[in-house]
Every structure is written in C-alpha cells, then in structure tokens.
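Trainee: What follows is a single structure, and I will ask about it in a moment.
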Amino acid sequence: MKSKAQRRKTIKHRIRKSISGTQSKPRFSVFKSNKSIYAQLIDDTNGVTLASASSLNSKATGKIDQAKDVGKAIAELAKGKDISDVVFDRSGFIYHGRIKALADSARESGLKF
C-alpha cells in the first residue's frame, strides 16, 4: 500500500502530463506544508517563474486566512505583469481547505481559471 506522500506524487505526475503554462497563460502552482502555503506562476515553455508568494510574510494567524492572503498577493503580482488567465495546478492536493481558500481568494482578486 502506498503512503499518502507517494499517492500525492503519483497524482501530481498524472496532472502534470496534461497541464502546461505559457507566457500568456502561466501555470498557477500551489504547494502546502504543515506550516506554510506557497503559490507560483510558472511559464513552462521557457522554464521561468513569473511571480511567487508565500505565507511566510503573512500577518494572519490562521492557516485559512494565510492562504487567502497568499491568493490575494499572487493575484496582485499577476495583475502587475498583465496576467489575467492561468491554469490551476493543485499539485496533487485535494481541492478543499487551504487550497480552496487560496483559489477562491485569487479568483475574487481577478485571476481567471
């Protein structure tokens, strides 16, 4: 039986086969650890990270609130680079809790995916 980390890695590889980011529509990649959450906008054609945000600098106390702050921050960075459409990559994480809060916050701040 596979562990939770091995199962997530398998799911991540399955997702990444079909998702790719470009300069005009980058991949919105999310990673969460036990303490923090990170988001990046990645151009896979050139192999470049266009923008990134994390909860390390957040003043919020709860994990959900930190995820919302990261969603707002990455959306503002995307607006500064004239990016409105992205491809969402949840990296094998289940779409609920912090991942959902981050995605909803980014959508409210103007990103389309």
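The values are calculated or read from the model by the stated rules, or taken from the named source; none is laboratory data. Note that the structure is a prediction, hence the values are computed from the model and not measured. Cβ placement follows ideal geometry from the backbone for every residue including glycine, while neighbour counts extend to all protein chains displayed.
Trainee: Out of everything in the stretch 89-101 that is surrounded by 18 or more Cβ atoms within 10 Å (Cβ to Cβ) and either among the aliphatic types (A, V, I, L, M) or more than 23 Å from LYS12 (Cβ to Cβ) (or both), what residue ends up being farthest from the chain's Cα centre (by Cα)?
Mentor: Among those residues, the one meeting the criterion is ALA101.
Trainee: Would you point out which residue out of ILE64, ILE42 is buried (at least 20 other Cβ atoms within 10 Å of the Cβ) and β-branched (Val, Ile, Thr)?
Mentor: Checking each option against the conditions leaves just ILE42.
Trainee: Pick from the stretch 24-59 the residues that are in a loop (DSSP other than H, G, I, E, B) and of a type in the set (Ser, Thr, Tyr): which of them is modelled with the lowest pLDDT?
Mentor: Selected residue: SER24.
Trainee: Then there's this: Any idea how many residues of the stretch 24-39 are over 18 Å from ALA106 (Cα atoms) and surrounded by 14 or more Cβ atoms within 10 Å (Cβ to Cβ)?
Mentor: 0
Trainee: Additional query: Take the stretch 49-79 and flag every residue that is among the β-branched types (Val, Ile, Thr), over 15 Å from LYS100 (Cα atoms) and within 15 Å of the chain's Cα centre (by Cα).
Mentor: THR49
Trainee: For the stretch 1-15, indicate whether the set of residues that are under 22 Å from SER105 (Cα atoms) and either under 16 Å from the mean Cα position of the chain (by Cα) or not in a loop (DSSP other than H, G, I, E, B) (or both) is non-empty.
Mentor: no
Trainee: If you take the residues in the stretch 69-83 that are under 29 Å from ALA5 (Cα atoms) and free of Cβ contacts under 8 Å to residues at least 40 places away in the same chain, which one is surrounded by the most Cβ atoms within 10 Å (Cβ to Cβ)?
Mentor: VAL70
Trainee: Still on this structure, please answer the following. Among (1) in a loop (DSSP other than H, G, I, E, B); (2) surrounded by 15 or more Cβ atoms within 10 Å (Cβ to Cβ); (3) under 12 Å from the mean Cα position of the chain (by Cα), where does GLY21 come up short?
Mentor: Tallying (1) in a loop (DSSP other than H, G, I, E, B); (2) surrounded by 15 or more Cβ atoms within 10 Å (Cβ to Cβ); (3) under 12 Å from the mean Cα position of the chain (by Cα), GLY21 fails exactly one: (3).
Trainee: Same structure again: Condition test on VAL86, is it under 13 Å from PHE28 (Cα atoms), surrounded by 21 or more Cβ atoms within 10 Å (Cβ to Cβ) and either of a type in the set (A, V, I, L, M, F, W, C) or in contact (Cβ under 8 Å) with a residue 60 or more places away in the chain (or both)?
Mentor: Spelling it out, VAL86 is indeed under 13 Å from PHE28 (Cα atoms), surrounded by 21 or more Cβ atoms within 10 Å (Cβ to Cβ) and either of a type in the set (A, V, I, L, M, F, W, C) or in contact (Cβ under 8 Å) with a residue 60 or more places away in the chain (or both).
Trainee: So THR49 clears everything in (1) surrounded by 16 or more Cβ atoms within 10 Å (Cβ to Cβ); (2) in contact with a strand residue (DSSP E or B) (Cβ under 6 Å, 6 or more places away or on another chain) except one condition, right? Which one?
Mentor: Among (1) surrounded by 16 or more Cβ atoms within 10 Å (Cβ to Cβ); (2) in contact with a strand residue (DSSP E or B) (Cβ under 6 Å, 6 or more places away or on another chain), the lone unmet condition for THR49 is (1).
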